[in-house]
Amino acid sequence: METRTGDGRLAAWIFDLPVVELRAGYRSAVYFDRSRRILAAEGDHTRVTMQVFQRSDAMVACGVDEALAVLALGAGEFRDPDAADQAFAAYLTARDAARRARSRGGEAWVEGMRAQVEAEAAFDRHWRRAGPGELEVSALRDGDRVDAWEPVIELTGPYRLVAHLESVYLGALARRTLVASNVRRVVDAAGGKPVLFFADRFDHWATQGGDGYAAFVGGAQGVATDAQAAWWGERGLGTIPHALIATFGGDTVAAVAAFARQFPGVPLIALVDFDNDSVATSLACARAFGERLWGVRLDTSGTMVDRALWSEMGQFAPTGVNRRLVEKVRQALDSEGFDHVRVIVSGGFTAERIAAFEATGVPVDSYAVGSALLKGSADYTSDVVLREGRPCAKVGRTHRPSARLRPVDLSAHRGAEAPV
């Protein structure tokens, strides 16, 4: 199955959207869903133009393809609202029963899933998808740089067809843009050195697919989990955890050797801070594995001082992974002819900290960054700015023409689905 549309955007199926719940308004603020119900009951067909934007400069737009998928699969209306509400209630009952049956497995689960799918189909019979020409959409692309107030998506059509989706597409844009922008800042600070997105354990597991894609859009060269890499067709990267070393009795060389035996085709990277002696452990691994050792990763806690620095304390901040520790590891490796071994650093790195390392020439080959890439905000707003082609917006808002927006064919995002 194709993962991209004809114009290079991600296809809607990639995002695994809860389509029935989107169409029912289950995932949006109640006032959005009530607005579409009011307009439908009033028989309103007014065409409005909405523009979607955020409020910060120098951001990396992301989540655009996901937002377009939400519109492609979720824009439309009920043929019979009362019947649709009853069908959706039946769907929720079937969905919950299937979830309970999952713990039992076997035929009970199969039957539960069959009942859920049948309930979805029953609900969809009450749905009318927005037809050709009803919605006109244009958008930027994932990865485009955007400033405050610049429209990222513009859509024109009856508001009743899209009101119930507002929370969902704005949330997708906000989350993905936040991650992509944070990653881009780190990538820029690293000056071309590889940045690895290791933020899997700092947020809910369900965010991994979209966050990993946003990290890729932002310029990360690797992610920690297969789920984070799935949207762009790659696999996760990784070394060994401290827990594996502990399982081998605290013997880092033994743990790395086991990794080498079981994953012979994977670059061998040793985690070298288990004994709080990164220089000695790096050398021990280099001596044991020679050319097979691709790199060492320093991950000293910010509350610890590595043993290699104990005699030098007093003239610099010695805790965590610092400039002097990296220099000593690099010098030790080079002095024994292991100049091929790369030095990767992790543990509390931010764009500012990376920039400081690069400004002072710290001999780092790659940065693994985690929680810093999930912090901050990139809030989006969607406003009506035109009504039937004429200005009509809340005070402080106005239509902002943009030559950067490109027309979008929502039907291309739906792919070869049967018409509903």
Check your understanding: Just a yes or no: is a residue in region 367-379 more than 30 Å from H204 (Cα to Cα), of a type outside the set (K, R), surrounded by 15 or more Cβ atoms within 10 Å (Cβ to Cβ) and touching a residue at least 40 places away in the same chain (Cβ under 8 Å)?
Key -> no
Point to revise | Single residue of Y169, Y213 found to be of a type in the set (S, T, Y) and out of contact with any Leu (no Cβ under 7 Å at 6 or more places or on another chain) | key: Y213
**Study point:** Test result for D203, of a type in the set (D, E, K, R), touching a Leu at 6+ places or on another chain (Cβ under 6 Å) and surrounded by fewer than 17 Cβ atoms within 10 Å (Cβ to Cβ)
**Key:** yes
Practice item. Go over the candidates G396, G348, G337, G361 one by one and state the one that is part of a loop (DSSP other than H, G, I, E, B), at pLDDT below 95, more than 29 Å from the chain's Cα centre (by Cα) and not hydrophobic (A, V, I, L, M, F, W, C). Key: G396
Point to revise | Odd one out for F274 among (1) farther than 30 Å from K375 by Cβ; (2) part of a loop (DSSP other than H, G, I, E, B) | key: (1)
Point to revise | In region 107-143, the residues that are assigned to a loop (DSSP other than H, G, I, E, B) and in contact with a Lys or Arg (Cβ under 7 Å, 6 or more places away or on another chain) | key: H126, L140
Check your understanding: Based on what the data block shows, is V187 assigned by TED's automatic domain parsing to the domain that holds Y367, buried (at least 22 other Cβ atoms within 10 Å of the Cβ) and closer than 17 Å to V60 by Cα?
Key -> yes
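Residue-wise test of (1) part of a helix (DSSP H, G or I); (2) farther than 28 Å from A174 by Cβ.
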{"residue": "D7", "(1), (2)": "no, no"}
{"residue": "W13", "(1), (2)": "yes, no"}
{"residue": "L22", "(1), (2)": "yes, no"}
{"residue": "Y31", "(1), (2)": "yes, no"}
{"residue": "T49", "(1), (2)": "no, no"}
{"residue": "L73", "(1), (2)": "yes, no"}
{"residue": "E77", "(1), (2)": "no, no"}
{"residue": "R100", "(1), (2)": "yes, yes"}
{"residue": "R104", "(1), (2)": "no, yes"}
Exercise for review: Output the residue which, of all residues in region 134-150 that are under 21 Å from the mean Cα position of the chain (by Cα) and not basic (K, R), is surrounded by the fewest Cβ atoms within 10 Å (Cβ to Cβ).
Suggested key: D147
Check your understanding: Quick one: in region 277-304, which of the residues that are assigned to a strand (DSSP E or B) and in contact with a helix residue (DSSP H, G or I) (Cβ under 8 Å, 6 or more places away or on another chain) is surrounded by the most Cβ atoms within 10 Å (Cβ to Cβ)?
Key -> V296
**Study point:** Within region 46-93, considering residues that are surrounded by fewer than 24 Cβ atoms within 10 Å (Cβ to Cβ), of a type in the set (V, I, T) and under 19 Å from A163 (Cβ atoms), the one nearest to the chain's Cα centre (by Cα)
**Key:** V52
Review point. Got a number for residues in region 144-165 being assigned to a helix (DSSP H, G or I) and not charged (D, E, K, R)?
Key: 5
Review point. Looking at region 305-323, which of its residues are modelled with pLDDT of 95 or more, out of contact with any Leu (no Cβ under 6 Å at 6 or more places or on another chain), at negative phi and in a loop (DSSP other than H, G, I, E, B)?
Key: N322
Review point. Which of the residues that make up region 166-201 are touching a strand residue (DSSP E or B) at 6+ places or on another chain (Cβ under 8 Å) and not in a helix (DSSP H, G or I)?
Key: K193, P194, V195, L196, F197, F198, A199
Practice item. Could you please tell me which pairs satisfy a Cβ distance under 6 Å, a separation of 6+ or placement on different chains, a first residue in region 115-139 that is within 30 Å of V60 (Cα to Cα), and a second residue that is of a type outside the set (D, E, K, R) and surrounded by fewer than 13 Cβ atoms within 10 Å (Cβ to Cβ)? Key: S138/P407
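The values are calculated or read from the model by the stated rules, or taken from the named source; none is laboratory data. Note that the structure is predicted; figures quoted are calculated from it, not measured. Heads up, the Cβs are rebuilt from the backbone with ideal geometry, glycines too, and the neighbour counts pull from every protein chain shown.
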